[in-house]
Amino acid sequence: MARGIETTGGVLARPKVSKKAIRKAMLGNVELRLLNVKRTGNRVKFYMIATNNGGKEVRLGTYPCHCYLYDDLANKYRADRACVGTDCESGGFTADDTIIPGVSIKMSVYFKDISPQASVGTLEMNLKIGKSEGKVIFRNISLK
């Protein structure tokens, strides 16, 4: 269980994090690219672009309550708000929009009450594309 976690003087230290960030993911024919992370005080906002690389229009959606941020201090946060295209929602409502083939739309996910000591994070997003569901994960993202 403790494999991969170094200790110093009996106190658990932060796990070593790979410096290579994963900023691109595919889910079906939709490519998601993490463009920017903005931190203001205890709030963190992730900005992405979703591109439909398929031949048919698709409905892309996410629930803010199914988007999570994990920090390098072992904290887990649930998103406060998510936006897909022109639709922004909070809590248990779906933020979704239609993407036609060969077109990109903006997405964003907002988190609050983030530890000021957190410096690296992993973003997990559960998404719906049409009637299918899947998960994308962006790892080793700087929160500073």
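The values are calculated or read from the model by the stated rules, or taken from the named source; none is laboratory data. From a predicted model like this one, the values you see are computed outputs, not experimental measurements. In this analysis, Cβ positions are derived from the backbone assuming ideal geometry, glycine residues included, and neighbour counts consider all displayed protein chains. When the accessible area is computed, the model is the full protein with side chains, heavy atoms only, and any ligands, DNA or RNA have been set aside. Shrake-Rupley method; radii C 1.70, N 1.55, O 1.52, S 1.80 Å.
Measure up 20/131; 76/131; 20/56; 20/135 against 22 Å on the Cα-Cα distance and list the ones that go over.
Distance filter (> 22 Å) returns 20/131; 76/131; 20/56.
Within the chain, what whole-number % of the accessible surface is contributed by carbon and sulfur, with the 1.4 Å probe and all protein chains included in the calculation?
On the chain, the fraction of accessible area on carbon and sulfur atoms equals 51 percent.
Per residue, how large is the accessible surface of the chain? Use a 1.4 angstrom probe and give square angstrom.
59
If we count GluC sites (Glu not before Pro) as exposed when they sit in a DSSP loop and have at most 13 other beta carbons within 10 Å, what is the longest stretch of the chain that avoids them all?
58-144
For Rg and Dmax of the Cα atoms in Å, one of (i) 16.3, 58; (ii) 14.1, 41; (iii) 14.3, 48 was computed from the structure I shared and the rest are decoys. Which label?
Recomputing Rg and Dmax of the Cα atoms in Å here picks out (i).
With no other cysteine's Cβ closer than 4.7 Å, which Cys residues of the chain count as lacking a disulfide-compatible partner?
Here 65, 67 come out as lacking a disulfide-compatible partner, given the Cβ-Cβ threshold of under 4.7 Å.
Under 1.5 on a/c is rounded, so check that first for the stretch 30-109, then, if it is not, pick prolate when a/b is larger than b/c and oblate when it is not; a ≥ b ≥ c are the square roots of the alpha carbon gyration tensor eigenvalues. Working shown, then result.
On the way: a/c = 2.33, a/b = 1.78, b/c = 1.31.
Prolate, because a/c is 1.5 or more and a/b exceeds b/c.
How large is the charge dipole for the stretch 12-105, taken about the Cα centre, if only the Cβ atoms of Lys, Arg (+1) and Asp, Glu (-1) carry charge, to the nearest 20 debye?
The dipole magnitude comes to about 660 debye.
For residue 24, go through the aspartates and glutamates and keep the ones whose alpha-carbon is under 14 Å away, minus same-chain ones fewer than eight residues off.
124
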